[in-house]
Amino acid sequence: MSLLIQGGMAFLGSKFEQKDILIEDGRIAKVGNALKGDEVITAAGLLVLPGLIDPHVHFREPGDTYKEDFATGSRAAIAGGFTTVMDMPNNAIPTTTKARLEEKVKLAKEKAICDVLFHFGGTDSNFDEVKRADPGSLKLYLGQTTGGLVLKNPSSLEKHLRNFPKEKPIVLHACDHSEGEEENLGKTYATIENALSLAKKTNSTIHLAHASTGKEIQLSLRYPRCTVEVAPHHLFLSRDALEKLGPYGKVYPPLRTEQKRIMLWSALDRADCIATDHAPHTIEDKERGAAGFPGLETSLALMLEGVERGLLDRIWVAQRMTQNPARIFNIKGKGRLEKGYAGDVAIVDPKKKWKIEGSMLETKCKWTPFDGMEVRGKVHTVVKGGKILFEKFQFVA
Ligand code: DOR
Ligand code: ZN
């Protein structure tokens, strides 16, 4: 059985063009005109994107499955157009040993409906374990955050940079909030500058997680082997929203001033990819001060809303949610609509208006800091490995 996605505006890497996409045996067999297939999805008037890739999610399993698990997290991913996500290591039981990585891989295989890749966590002592596990990427927390996975010894960063294969990315969490909610940006910038000079010295590949200020994007430009991601919540929310959001507005890095939010937009053009930083916490945990927002089901819509408002270019957005994360994280055979690539496709209605509502979300946490916001752009259909999982704005039974 082949699947044909017919008549949509397909994203071809640097342009959108009306093309049919034929998927056979789970892979893209042809991109062309007037193609024929057994099963047909009509995509006229819709955007056809490679399945989105999110390089930054927290799926909480094992350890905190009351917040999210591979089943609910991956449903949220699919509903948001993401067919591949990369899970962070800061679980209650962190991903810092080979055995724990293997356990996560196994659990995800059993429960997830999207592909889940894993960032391995670096500690002050697990250098040999990193070698043994041989992960695709390493995450280093240079400041305190949820879960307490953090490097305390100042020499550990350089050791990890020396130890880890040069062609694989090391993801850096640079901000620190151990001293409460005080914004301590000077310290964050100094942490990044130090990491950049060590990366240069060791010839490492690094990736800055969740840049929340324009300056962080500027800093990333100082070293050619440094890439940087931005999360939509730092583009669409500032500290001004805290009055309304209360504890639901708590996130690391924190929401910045309105002026810094605008400066982030000014520097955004040089950002390499968009990451949701999907970090779900229950309502009870938020009331108790947990930091983090769910983001998988709102991020594409927010970026497309940015396009509708004339702030962003549609091609720019598509690149940063598909081929760029694939390139940065060496994810082979994904992120492009080309022959031989995975039959993972997100079909999007770019004009569809909808109101974001927490209670409607697939994520276990059922709330969102964007509750009540009207956006334009909605995921219409999602195909994963040639199978239709989501169609006409809802999951296939
Ligand atoms: O707000 C955050 N939540 N920032 C992080 O760095 C971690 C995340 C989480 O795991 O909840
Ligand atoms: Zn995160």
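List of remarks:
- The set of residues in the stretch 127-159 that are among the small types (G, A, S), within 16 Å of ligand 2 (Cβ to nearest atom) and in contact with a Ser or Thr (Cβ under 8 Å, 6 or more places away or on another chain) contains only G143.
- So L149, is it open to solvent by 10 Å² or more (accessible area, probe 1.4 Å), hydrophobic (A, V, I, L, M, F, W, C) and not in a strand (DSSP E or B): yes
- Here P94, P62, P89, P55 are screened, and the one residue that is part of a loop (DSSP other than H, G, I, E, B) and open to solvent by less than 10 Å² (accessible area, probe 1.4 Å) is P89.
- Pick from the stretch 69-86, criterion assigned to a helix (DSSP H, G or I) and among the β-branched types (V, I, T), ranking: surrounded by the fewest Cβ atoms within 10 Å (Cβ to Cβ): T72
- Looking only at residues of the stretch 126-146 that are in contact (Cβ under 8 Å) with a residue 40 or more places away in the chain and not in a loop (DSSP other than H, G, I, E, B), we find that the one that is nearest to ligand 1 (Cβ to nearest atom) is Y141.
- Whether a residue is within 20 Å of M360 (Cα to Cα), over 13 Å from the mean Cα position of the chain (by Cα), at pLDDT 95 or above and open to solvent by 20 Å² or more (accessible area, probe 1.4 Å) was assessed, and E305 does not pass this test.
- The residue that is farthest from K378 (Cα to Cα), among those in the stretch 280-290 that are open to solvent by less than 10 Å² (accessible area, probe 1.4 Å) and either of a type in the set (G, A, S) or within 15 Å of ligand 2 (Cβ to nearest atom) (or both), is H281.
- Annotation for the stretch 83-96: at least one member residue is closer than 21 Å to M321 by Cα and among the polar types (S, T, N, Q).
- Within the stretch 245-282, the set of residues being assigned to a loop (DSSP other than H, G, I, E, B), modelled with pLDDT of 95 or more and polar (S, T, N, Q) comprises T276, T282.
Here is a yes/no grid of residues against (1) modelled with pLDDT of 95 or more; (2) away from ligand 2 (no atom under 14 Å from the Cβ):
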site	(1), (2)
T84	yes, yes
P89	yes, no
I93	no, yes
K98	yes, yes
L101	yes, yes
A108	yes, yes
K111	yes, yes
F120	yes, yes
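- Remark: pairs (first residue in the stretch 308-336, over 17 Å from F236 (Cβ atoms) and of a type in the set (S, T, Y); second residue open to solvent by less than 70 Å² (accessible area, probe 1.4 Å) and modelled with pLDDT under 95; Cβ separation under 9 Å; 6+ apart in sequence or on different chains) are absent.
- Those residues of the stretch 336-345 which are open to solvent by 50 Å² or more (accessible area, probe 1.4 Å) and in contact with a Phe, Trp or Tyr (Cβ under 9 Å, 6 or more places away or on another chain), in sequence order: R336
- From the list G143, G214, G136, the lone residue that is under 19 Å from K98 (Cβ atoms) and either hydroxyl-bearing (S, T, Y) or surrounded by 14 or more Cβ atoms within 10 Å (Cβ to Cβ) (or both) is G136.
- Residues of the stretch 346-397 that turn out to be touching a residue at least 24 places away in the same chain (Cβ under 8 Å), open to solvent by 70 Å² or more (accessible area, probe 1.4 Å) and in contact with a Gly (Cβ under 7 Å, 6 or more places away or on another chain), as a count: 2
- Some residue of the stretch 307-323 being closer than 14 Å to V57 by Cα and in contact with a Gly (Cβ under 7 Å, 6 or more places away or on another chain): no
- Checking E158, E129 one by one, the residue that is over 23 Å from the mean Cα position of the chain (by Cα), open to solvent by 20 Å² or more (accessible area, probe 1.4 Å) and within 22 Å of G186 (Cα to Cα) is E158 and no other.
- Residue, farthest from P254 (Cα to Cα), within the stretch 181-237, restricted to residues that are at pLDDT 95 or above and among the charged types (D, E, K, R): K201
- Pairs linking a residue in the stretch 261-278 that is within 16 Å of ligand 1 (Cβ to nearest atom) and open to solvent by less than 50 Å² (accessible area, probe 1.4 Å) to a residue that is outside any loop (DSSP other than H, G, I, E, B) and β-branched (V, I, T), with Cβ atoms under 8 Å and 6 or more positions apart or on different chains, are A275/V230; T276/V57; D277/V57; H278/V57; H278/V85.
- Verdict on D115 being under 15 Å from the mean Cα position of the chain (by Cα), open to solvent by less than 30 Å² (accessible area, probe 1.4 Å), of a type in the set (D, E, K, R) and within 22 Å of K364 (Cα to Cα): no
The values are calculated or read from the model by the stated rules, or taken from the named source; none is laboratory data. Just so you know, these numbers come straight off a predicted model, no measurement behind them. All Cβ positions, even for glycine, are placed from backbone atoms using ideal geometry, and neighbour counts span all protein chains on display. Each accessible area value is taken on the protein alone, full model and side chains, heavy atoms only, with ligands, DNA and RNA left out. Shrake-Rupley method; radii C 1.70, N 1.55, O 1.52, S 1.80 Å.
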